[in-house]
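Working notes for the structure below.
The values are calculated or read from the model by the stated rules, or taken from the named source; none is laboratory data. Because the structure is a prediction, the values reported are computed rather than measured. Cβ: placed from backbone, ideal geometry, glycine included. Neighbour counts: every protein chain shown.
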Amino acid sequence: MMKPHHYQLGQKKRYDGRNEYFYKQVFELLLRLKANYLWPSMWDDVFSEDGKDDNYANAKLANAYGIVMGTSHHEPLYRAGKEWRLYYKKDLKYTSAEAWNLYNIPGEKGYDEKVNQEIEEFWESGVERNKEYDNICTVGMRGEEDSTLPAADNPPKYAELLNYIINTQKKYYQNKKIQILHN
């Protein structure tokens, strides 16, 4: 286990974690700096569910302050990497990382319908949970724990897989009637 950094210890001691009490201070600082966007830490946090008094307190507070939240390259549809490990039902014969990395186009080598179904339910529930808040959402997918997805060694096949993933993810926005802005 890694030793926590000194800032993690202070934040843990003072606020009992990165919860609404911690983020209140962060959001007020952002507004004083005339900023309104935050991409929170991804490694050991679930921003939208790490509230202390209410699971969704962080997301509600960001919304109340007018702070737009984002997620990293590895957190599609408002879902933190840590969340997948917690959400994964362990009902399949794979570890959470193995299951994540098996997501594939139906009919392709290695495709497992149950894996795709579980990951898609995970994505859809992230959109449902965050649909009321101002967020910048990451779409796409990469391998769990810095590994590769199927077909990563075959660029045309990999492009096909990423197109399939993004089009699948876009359906959840359309189903929830969430506006998608494009450049």
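Of a type outside the set (A, V, I, L, M), buried (at least 17 other Cβ atoms within 10 Å of the Cβ) and over 16 Å from the mean Cα position of the chain (by Cα) - does that describe any residue in the stretch 73-85? So far as the stretch 73-85 goes, no, none of its residues is of a type outside the set (A, V, I, L, M), buried (at least 17 other Cβ atoms within 10 Å of the Cβ) and over 16 Å from the mean Cα position of the chain (by Cα).
Within the stretch 124-142, restricting attention to residues that are assigned to a loop (DSSP other than H, G, I, E, B) and in contact with a Gly (Cβ under 9 Å, 6 or more places away or on another chain), the residue that is farthest from K171 (Cα to Cα) is D134.
Within the stretch 140-161, if we keep just the residues that are surrounded by 17 or more Cβ atoms within 10 Å (Cβ to Cβ) and at pLDDT 90 or above, the residue that is nearest to L86 (Cα to Cα) turns out to be M141. When you scan the stretch 73-115, how many residues do you find that are part of a loop (DSSP other than H, G, I, E, B), more than 14 Å from G126 (Cα to Cα) and in contact with a Phe, Trp or Tyr (Cβ under 7 Å, 6 or more places away or on another chain)? Within the stretch 73-115, residues that are part of a loop (DSSP other than H, G, I, E, B), more than 14 Å from G126 (Cα to Cα) and in contact with a Phe, Trp or Tyr (Cβ under 7 Å, 6 or more places away or on another chain) number 3. Consider the stretch 59-91 and keep the residues that are modelled with pLDDT under 85 and among the small types (G, A, S). The one that is farthest from N36 (Cα to Cα) is G81. Checking every residue in the stretch 37-46 against the condition of being of a type outside the set (A, V, I, L, M), modelled with pLDDT under 85 and farther than 18 Å from C137 by Cα gives at least one match. If you check E124, E108 for being closer than 14 Å to L161 by Cβ, among the acidic types (D, E) and modelled with pLDDT of 90 or more, only one passes: E108.
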